[in-house]
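Engineer: The structure under discussion is supplied below as C-alpha cells; questions concerning it will follow.
The values are calculated or read from the model by the stated rules, or taken from the named source; none is laboratory data. Here the structure is a predicted model, which means the values were calculated and not measured. As a convention, Cβ positions derive from the backbone with ideal geometry for all residues, glycine included, and neighbour counts pool all protein chains shown.
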Amino acid sequence: MKFILAKKVNMTQIFGEDGAVQPVTVLNVEPMTVSQIKTKEKDGYGAVQVGIGSRKEKNISKSEKGHTKNLPEGVMGNFASLKEFRMKDISTLNKGDKILLDSFAVGDQINVSAISKGKGFQGVVKRHGFHGGPRSHGQKHSEREPGSIGGGGREGGKVAKGMRMAGRTGSDRITIKNLKIIGIDNENNTMLVSGAVPGRRGTLVEIRTN
C-alpha cells in the first residue's frame, strides 16, 4: 500500500483526449518524514507514523519534542501534523525516511480521506432533507418545521432514540473510494485527482492506494 498526505488547493476542470470536460481537485503534496515505526510485537499492530509541514519550536509541547527527539541527525522534528497509516509490511521503511510524490503514478486508483466542511447548526430540511410542513390550510410558519417528534404508540410519548432532528452538520471524516490520479507535477508538488475531495481549501487529505 502506498500513502501520502496532501493539502487541498481548489477544484478546476481539464479536457481529456476525447475532448470531454472532467472535474478535478488540485492537491499540494509536501514531502513526509517517517517519525515512528510501530510493530506488532511492541505496539500490538504494525503502522507507520509520518510528520508533515513545520512550525515554530516555541509552539511545540514538551511531549511532542520528546516524541521526535530520536530522529536521525539532520531531520527536524517540528512537524505541523502527525498522521498514522496502518501497514502489514513495514520492513521497507525506517525512521527519518522521506516519502515523496514520485511514489505515485498517473492512473493509480486511490482512496481519499479528509474532514468535511463544517456547516454549523442546521435545521431538519438542510440536515436530513425533510420536506417541511404544508403551505396551505392555515399553516403560517411551518415551511421548515420538523413536525411531531413524540408519538404515543411508538415510544410511550417519549422521543425515540435516533430521531432525526436539527443539530450540528458537517466536520465529519469522509472517505471517497476509487478516485483516479489524472495528473502529477513533480516540480511543483501537485497532483490532480478526479472528482471532488472532502474539506475546504487547506484541508489535510490522506491518500492511500487500494
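Engineer: Considering (1) of a type in the set (Val, Ile, Thr); (2) at pLDDT below 90; (3) outside any loop (DSSP other than H, G, I, E, B), say which one Ile90 fails and leave the rest.
Structural biologist: Single failed check for Ile90: (3).
Engineer: For segment 61-79, give me each residue that is surrounded by fewer than 13 Cβ atoms within 10 Å (Cβ to Cβ) and on the phi < 0 side of the Ramachandran plot.
Structural biologist: Result: Ser61, Lys62, Ser63, Lys65, Gly66, Lys69, Asn70, Pro72, Glu73, Met76.
Engineer: Against the conditions (1) β-branched (Val, Ile, Thr); (2) over 25 Å from Asp102 (Cβ atoms); (3) in the same structural domain as Val26 (by TED's automatic domain parsing), where does Thr190 fall short? Just the number, please.
Structural biologist: (2)
Engineer: Right, here's the next one. If you go through segment 66-74 one residue at a time, do you hit one that is in a helix (DSSP H, G or I), farther than 30 Å from Pro198 by Cβ and modelled with pLDDT of 85 or more? Give the steps one after another, and end with the answer.
Structural biologist: Here is the first cut: in segment 66-74, the residues in a helix (DSSP H, G or I) are 66-67.
Then drop every residue that is not farther than 30 Å from Pro198 by Cβ, which leaves 66.
This time we only want the ones that are modelled with pLDDT of 85 or more, so: 66.
Yes, segment 66-74 contains at least one residue that is in a helix (DSSP H, G or I), farther than 30 Å from Pro198 by Cβ and modelled with pLDDT of 85 or more.
Engineer: For the subset of segment 68-104 comprising residues that are among the small types (Gly, Ala, Ser) and over 21 Å from the mean Cα position of the chain (by Cα), which member is farthest from Val205 (Cα to Cα)? Can you show your working first?
Structural biologist: Taking segment 68-104 as the starting set, the residues that turn out to be among the small types (Gly, Ala, Ser) are 74, 77, 80-81, 91, 96, 103.
With over 21 Å from the mean Cα position of the chain (by Cα) added as a condition, the list becomes 74, 77, 91, 96.
On the way: Gly74: 27, Gly77: 21, Ser91: 25, Gly96: 21 Å.
Top of the filtered list is Gly74.
Engineer: Among what's in segment 117-154 and is at pLDDT 90 or above and more than 30 Å from Arg201 (Cα to Cα), pick the residue that is surrounded by the fewest Cβ atoms within 10 Å (Cβ to Cβ).
Structural biologist: Selected residue: His131.
Engineer: Separate question: Show the residue pairs that are 6+ apart or on different chains and have beta-carbon atoms under 7 Å apart, the first residue being within segment 192-206 and crowded, with 17+ Cβ neighbours inside 10 Å, the second being part of a loop (DSSP other than H, G, I, E, B).
Structural biologist: Pro198/Ser116; Gly199/Ser116; Gly199/Lys117; Val205/Val197; Val205/Gly199
Engineer: Would you kindly identify the strands (runs of 3 or more DSSP E) lying entirely within segment 1-60 that contain at least 3 residues that are within 18 Å of Ile184 (Cβ to Cβ), at pLDDT 90 or above and more than 16 Å from the chain's Cα centre (by Cα)?
Structural biologist: Where strands (runs of 3 or more DSSP E) fall fully within segment 1-60 and carry at least 3 residues being within 18 Å of Ile184 (Cβ to Cβ), at pLDDT 90 or above and more than 16 Å from the chain's Cα centre (by Cα), they are 3-15, 21-29.
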